[in-house]
Amino acid sequence: MDTPNLFTPLQLGSITLPNRILMPPLTRMRARMPGNLPWELNAEYYRQRASAGLIITEGAPVSPRGHGYYHTPGIHTEAQAEGWKRVTEAVHDAGGRIFIQLWHVGRQSHNDLQPNGEAPVAPSAIAGVGQAYVAPGAQPDYPVPRALSRREIADTVEEFRRGAQRAKQAGFDGVELHGANGYLIEQFLSDRSNHRTDEYGGSVARRTRFLLEVTEAVASVWQPDRIGVRLSPANTFGGGAPSDRWGTFTHVVRELNRLGLAYLHFVEPRVAGNLDLAQFDDALSSRHFKPLLAGNTQLISAGGHTFDSGQAAVASGEADAVAFGRAFIANPDLPHRFAAGAPLNRYQRETFYGGAAAGYTDYPTLQPVAENVPA
Ligand SMILES: Cc1cc2nc3c(=O)[nH]c(=O)nc-3n(C[C@H](O)[C@H](O)[C@H](O)COP(=O)(O)O)c2cc1C
């Protein structure tokens, strides 16, 4: 086979992507309120970006307790599923493919975002490091969370399963589990945030149990070849990284290998959340995990990529596809711009979170989106 590049089609599980330029999950906090509903504005934003090989939506909380940012669109009510249907229809009508990221923030939340003003939930009562976005201009520190009971863990797994079911009802092509960036799944994986003494804590095998139960629950709704998992082995966001990162994440990859998933989506060490890092541990780059992936599970690399680094990663086989986050925020027609060698619009950080069309659906394209499918 010829050396692949970013414009080479890719078989990702059971769907065929026309290119390997992916849009990763990007929280934009523009759901319609009340009800945290996806609506026409969101449908227009995603429609504009339908030339991506695959769109993975912003994190969509599977539970009222899973929200850690205001105005994030959930996937835990019927009305939200109806709202997402508009999004999937818009993307499909424009010729695109779209997965939803299933999310639970765990301790990275605040009482003001929780049902009845309760404390957020987590594997253990240990606070994360950082701030919740509770309202425009209000970013209090994460409080000390409440440890989930075993019964509540089972309920949370069930919430992921129901979220997966609603995602199906909403017309998505598949689902991605948010196992990255310090949120609930990663809180279970890390010995720093998980001090449990039951079967969900202690050894790495026990700390991985929650992720595996969630993945298996979701796989009771979707075929494994429609499921991806996002991981961030080098993550610093949220302040709870495991002490043995390589040991933890190689175990996770080996366990997930047994499920035959469509892909694992790695966040590269050079970014933390939405920020670039000057210093990072290259030993935790996705290319070191690539040889461990089994079967047809593909590797997506995200974080700090340029067109050239993406081309190099795909050509060398270090990654099967590459996600471009901030570049897709500012360039709805990113594949076309890459193909044309055209300059990119610069992103505006101040409009990342919250607001309306400004900085969201008003970034200019080079030509009408419908014509943006690269050859
Ligand atoms: C505004 C913004 C929101 C983000 N929201 C999410 C999210 O909901 N889920 C997630 O897994 N990552 C999220 N990320 C991380 C991105 O998916 C991606 O890993 C990061 O932007 C690094 O890629 P880039 O250098 O191409 O932008 C977000 C990043 C940004 C800039």
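The values are calculated or read from the model by the stated rules, or taken from the named source; none is laboratory data. Keep in mind it's a predicted model, so treat the numbers as computed, not measured. Quick reminder, even Gly has a Cβ in these numbers, built from the backbone with ideal geometry, and neighbours come from all protein chains shown. Each accessible area value is taken on the protein alone, full model and side chains, heavy atoms only, with ligands, DNA and RNA left out. Shrake-Rupley method; radii C 1.70, N 1.55, O 1.52, S 1.80 Å.
What to note about this one:
- For R146, R20, the ranking by accessible surface with the largest value first comes to R146, R20, using a 1.4 Å probe.
- In the assembled protein chains, R32 presents an accessible area of approximately 100 Å² (probe radius 1.4 Å).
- Taking a Cβ cut-off of under 15 Å around S124, the surrounding Lys, Arg, Asp and Glu residues balance to a net charge of +3, with basic ones at +1 and acidic ones at -1.
- By average C-beta atoms within 10 angstrom, highest first, the peptides 351-358, 268-275, 331-338: 331-338, 268-275, 351-358
- For the range 10-371, share of DSSP beta bridges that run antiparallel, in % to the nearest 5: 20 percent
- Over all distinct Cα-Cα pairs of the chain, the Kirkwood formula returns a hydrodynamic radius of 20.3 Å.
- Solvent-accessible surface ranking, highest first, for K290, K168, K85 at 1.4 angstrom: K168, K85, K290
- Fully extending the segment from L366 to R150, taken as 0.36 nm per residue of separation minus the present Cα-Cα distance, adds 72.5 nm.
- Where a label projected 7 Å from the Cα of A283 along Cα→Cβ would reach, residues of the range 168-193 with amide N under 19 Å: 190-192
- Taking all Cα pairs closer than 8 Å and separated by 6 or more residues, the relative contact order of the chain comes to 18 percent.
- Of all complete DSSP H helices in the chain, not one has a Cα span along the helix axis of 30 Å or greater and a mean Kyte-Doolittle hydropathy of -1.0 or more.
- Here the Karplus curve 6.51 cos²θ - 1.76 cosθ + 1.60, taken at θ = phi - 60°, turns the phi angles of the range 97-112 into couplings of 10, 8, 9, 10, 8, 8, 9, 9, 7, x, 6, 7, 8, 7, 3, 5 Hz, with x standing for Gly and Pro.
- Restricting the calculation to Cα atoms, the range 214-262 shows an Rg/Rh of 1.04 when the hydrodynamic-style radius is the Kirkwood one.
- The apolar share of the surface of the chain, taken as the fraction of accessible area on carbon and sulfur atoms (1.4 Å probe, ligands and nucleic acids excluded), comes to 50 percent.
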